[in-house]
Amino acid sequence: MRVVAVAGGVGAGKFLRGLVRAVPREDVTVVVNTGDDLTLHGLHISPDIDSVSYWLSGVADRERGWGRAEDTFRVLETLRELGGPAWFGLGDLDLATHLLRTGILRDGGTLSGATAAIAGALRIVPTILPMSDDPVATMVECVGEDGRALDLHFQQYWVARQGRDAVKGVRYAGADAARPAPGVLEAVAAADAVIICPSNPVASILPILSISGIRRSLADRRSRVVGISPIVGGAPLRGMADRLMPAVGLEVSAFGAASAYGDLLSAFVVDLKDRTDASRIREELGVDIAVTDTIMHDDGSAERLATVALESLR
Ligand code: FO1
């Protein structure tokens, strides 16, 4: 059974560890958000690709969610002592990934090529594809505490300024010109199931769907597309979806998450705590509903969630 997973960072990483227990890992292709990629210290950093790669290879820091387990931050601390920019928490081990990726790009390689090289080195079997080799930047339009308009890159909004600004809108700069990365459309066309992972709809999934070719490819396969709600009990488990969703006109609820990509879905998995949203999603969006415990305590619970998602398409 060939499966495409449309993925953001931490939530997707946890989920994918279960998915590769539910189906043969060589049958899985992951299409990953790059809207929150950034260049820092001259390095190309792809946080969501790295989260997915680290989770799938078993080196992720399970507590923090991002970065590598048992990493140290000596380079960052020294940089801070020297008065350099130290707002983004790059670990010493994590830095090796960014050095390798940046070198490949500098030598004329693509982000897809760099991603495949790193995945190969980490002995990851599923195929990991960036959504695009072209740059797309998730920009968060805010009003600062002093009332001034701010146009912030996602990482400036969330990490540098710690989400303190009032969000007025979100856009995906560069999406109009961005082409799907090699292999993305082919994987979706050949998939028996496309799973939209329990990731932040605005920061992780909509950037991928903002690439028109990808959105169209999913629309063509609607009968095989299932989404999983990242909302539990009317709120995100972590992150800032509750601040970004209203800014793009989405209710902060399982219904709001479903309506973010409702026109592409055949089925949607909601948490037991949000079961009251089920009939609304079914009736207003025309989407089948599965209700289950969506909290992924471990790989076993992630596997059960993946199985429920796949069975909801049968
Ligand atoms: N998130 C933070 O909140 N603070 C950090 O300092 C930080 C560093 C970081 C370094 C590498 C990486 O791959 C991810 C990192 N993240 C950090 C997570 C990241 O900012 C976002 O959570 C994702 O981009 C959203 O999916």
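The values are calculated or read from the model by the stated rules, or taken from the named source; none is laboratory data. Source: prediction; values computed, not measured. Every residue, glycine as well, gets a Cβ built from its backbone with ideal geometry; the counts of neighbours run over all protein chains shown.
Numbers for the structure displayed
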quantity: Criterion (surrounded by 19 or more Cβ atoms within 10 Å (Cβ to Cβ), more than 24 Å from VAL28 (Cα to Cα) and modelled with pLDDT of 95 or more) met by exactly one of GLY233, GLY239, GLY256; calculated: GLY256
quantity: Test: residue in the stretch 275-283 that is surrounded by fewer than 17 Cβ atoms within 10 Å (Cβ to Cβ) and aliphatic (A, V, I, L, M); calculated: no
quantity: Those residues of the stretch 15-56 which are assigned to a helix (DSSP H, G or I), among the β-branched types (Val, Ile, Thr) and more than 9 Å from the ligand (Cβ to nearest atom), in sequence order; calculated: VAL20, VAL52
quantity: Contacts under 6 angstrom Cβ, first residue in the stretch 168-186 being at positive phi, partner of a type in the set (Val, Ile, Thr) and surrounded by 17 or more Cβ atoms within 10 Å (Cβ to Cβ), 6 or more apart; calculated: GLY174/VAL136
quantity: Criterion: surrounded by 21 or more Cβ atoms within 10 Å (Cβ to Cβ), near the ligand (Cβ under 10 Å from one of its atoms) and modelled with pLDDT of 95 or more - qualifying residue of ALA114, ALA12, ALA86, ALA119; calculated: ALA12
quantity: Residue ranges of helices (runs of 4 or more DSSP H) in the stretch 57-160 with at least 2 members within 21 Å of the chain's Cα centre (by Cα); calculated: 92-106, 111-121
quantity: Residue within the stretch 64-72 that is in contact (Cβ under 8 Å) with a residue 40 or more places away in the chain and hydroxyl-bearing (Ser, Thr, Tyr) present; calculated: no
